[in-house]
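Before any comments, here is the structure.
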Amino acid sequence: MSTLIGITTTVPSEVIYAAGLTPVDLNNRFITSDRPEHYLETAERAGFPRNICGWIKGIYAVALESADIKSVIAVTQGDCSNTHALMEVLQYHGIDIIPFAFPYDRDYDLLRMQIEKLMERLGADWEGTLKAHQAMRRPRALLAELDEMTWRSGRVSGLDNHRWLVESSDFGGDIGGYTERLEKFLDEKRRAPERRPRVRLGFIGIPPIFTDFYEYLESLGAGVVFNEIQRQFSMPCSTGSSGPSTEAEMVEQYRRYTYPYDIFLRLEDIMREIAGRGVHGVIHYTQSFCFRQIQDLLIRRKVEAPLLTLEGDRPGPLDARTKIRLETFVEMLRR
Ligand code: SF4
């Protein structure tokens with residue numbers, strides 16, 4: 001297996017594959033492990049304050065305890081305000097830190113320069129990068145189909161939609177293997193009966209830290225038909241062109257990817273999708289101690305559908321209070 005490189009959010013992973021390396025999304029490794037709480041405790045024992053977001057603590061401990069991770073790409077602009085300090089701590093522990101920045105104003109030239117700097121640092125070139133970009137076209141097209149099967153026919157559940165889209169941040173470290181698994185999954189789902197949840201929900205914000213969120217909503221007769229950020233990881237804005245990939249196409253794709261830029265670009269996407277998918281109500285998930293909680297102010301003003309803001313802190317099942325809030329919201333929408 002090629003050398004692994006940790007990522008803390010979606011970055012142009014085409015460059016990583018082109019350099020002959022394998023990306024590992026540390027968020028996924030943390031939350032899908034069988035002991036996420038252990039990672040939080042490790043970080044807290046090391047001195048991370050209680051009032052620091054659970055994802056940051058999880059990434060820290062996973063990076064340190066994964067003997068196969070020696071380098072991490074740090075998104076210094078466009079992701080998380082805690083990244084700088086996190087990377088300093090990881091660097092102190094001997095992990096090689098490679099910076100990457102999404103320009104705040106989505107400037108084309110600056111973004112292209114960042115991609116090229118990453119290529120230089122990892123030892124990749126445009127030829128290999130575009131080859132990887134081309135190889136990702138198939139899984140990205142399949143993910144667009146999967147997403148449509150969630151909101152149009154209900155053949156793919158909100159949970160499966162979430163799982164597949166989240167994994168597309170690194171394609172599980174193996175583009176071909178991921179594509180094969182996804183093909184098989186969709187083959188089965190294309191023959192499955194249609195399902196129509198009585199209450200159609202949109203989920204916006206970062207992926208939830210709860211472990212039974214989607215299952216609980218299903219038990220209430222509600223289905224998530226839109227996973228905002230997870231869908232962005234799959235690059236729904238890629239052109240789907242059948243010709244050879246081009247440099248301009250790839251840069252443009254990462255300009256149109258909404259997550260690292262301002263909230264207004266995200267809001268355009270959110271509003272278009274909740275209208276197109278017939279969403280009855282929206283759940284805005286926020287993480288305790290995350291600066292993105294401030295954006296709830298703007299989301300509440302702009303999103304016209306009924307909206308419930310939920311907060312999660314540590315990995316694990318939903319607590320009783322959150323369950324009651326979800327139940328009341330779904331009941332209100334059902335009426
Ligand atoms: S939830 Fe917020 S604070 Fe936590 S890692 Fe993500 S952006 Fe950073």
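Consider GLY78 against the criteria (1) on the phi < 0 side of the Ramachandran plot; (2) in contact with a Pro (Cβ under 7 Å, 6 or more places away or on another chain): it satisfies all of them except one. Which criterion is unmet?
Unmet for GLY78, out of (1) on the phi < 0 side of the Ramachandran plot; (2) in contact with a Pro (Cβ under 7 Å, 6 or more places away or on another chain): (1).
Conditions tested, residue by residue: (1) surrounded by 18 or more Cβ atoms within 10 Å (Cβ to Cβ); (2) on the phi > 0 side of the Ramachandran plot; (3) modelled with pLDDT of 95 or more.
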| residue | (1), (2), (3) |
| --- | --- |
| THR3 | no, no, yes |
| VAL15 | yes, no, yes |
| ALA18 | yes, no, yes |
| TYR39 | yes, no, yes |
| ARG50 | no, no, no |
| TYR60 | yes, no, yes |
| LYS70 | no, no, yes |
| LEU90 | yes, no, yes |
| HIS93 | no, no, yes |
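(1) aliphatic (A, V, I, L, M); (2) over 19 Å from the mean Cα position of the chain (by Cα); (3) assigned to a loop (DSSP other than H, G, I, E, B): which one isn't true of ILE97, the others all being true?
Unmet condition: (3).
Go through the stretch 270-285 and report how many residues are crowded, with 20+ Cβ neighbours inside 10 Å and either within 16 Å of the ligand (Cβ to nearest atom) or in a helix (DSSP H, G or I) (or both).
So the count comes out to 6.
Does VAL89 satisfy the condition of being more than 13 Å from ILE7 (Cα to Cα), within 15 Å of the ligand (Cβ to nearest atom), touching a helix residue (DSSP H, G or I) at 6+ places or on another chain (Cβ under 9 Å) and among the β-branched types (Val, Ile, Thr)? Give the derivation first.
Working: more than 13 Å from ILE7 (Cα to Cα): yes; within 15 Å of the ligand (Cβ to nearest atom): yes; touching a helix residue (DSSP H, G or I) at 6+ places or on another chain (Cβ under 9 Å): yes; among the β-branched types (Val, Ile, Thr): yes.
It is true that VAL89 is more than 13 Å from ILE7 (Cα to Cα), within 15 Å of the ligand (Cβ to nearest atom), touching a helix residue (DSSP H, G or I) at 6+ places or on another chain (Cβ under 9 Å) and among the β-branched types (Val, Ile, Thr).
Here is a yes/no grid of residues against (1) more than 16 Å from the ligand (Cβ to nearest atom); (2) of a type in the set (Phe, Trp, Tyr); (3) buried (at least 20 other Cβ atoms within 10 Å of the Cβ):
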| position | (1), (2), (3) |
| --- | --- |
| ALA132 | yes, no, yes |
| ALA135 | yes, no, no |
| ARG152 | yes, no, no |
| TRP164 | yes, yes, yes |
| GLU180 | yes, no, no |
| LEU186 | yes, no, no |
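So if I check each of ARG191, ARG195, which one is more than 21 Å from the chain's Cα centre (by Cα) and farther than 29 Å from THR286 by Cα? Full working, then the answer.
Working: ARG195 fails: farther than 29 Å from THR286 by Cα.
The unique qualifying residue is ARG191.
Which condition does GLU188 not pass, out of (1) in contact with a helix residue (DSSP H, G or I) (Cβ under 6 Å, 6 or more places away or on another chain); (2) more than 27 Å from GLU252 (Cα to Cα); (3) part of a helix (DSSP H, G or I), if it passes all the others?
The single condition GLU188 does not satisfy is (1).
Only one of ASN82, ASN27 is buried (at least 18 other Cβ atoms within 10 Å of the Cβ), closer than 20 Å to PRO315 by Cα and at pLDDT below 95. Can you tell me which?
Working: ASN27 fails: at pLDDT below 95.
That would be ASN82, the only listed residue that is buried (at least 18 other Cβ atoms within 10 Å of the Cβ), closer than 20 Å to PRO315 by Cα and at pLDDT below 95.
The values are calculated or read from the model by the stated rules, or taken from the named source; none is laboratory data. These figures come from a predicted structure and were not determined experimentally. Heads up, the Cβs are rebuilt from the backbone with ideal geometry, glycines too, and the neighbour counts pull from every protein chain shown.
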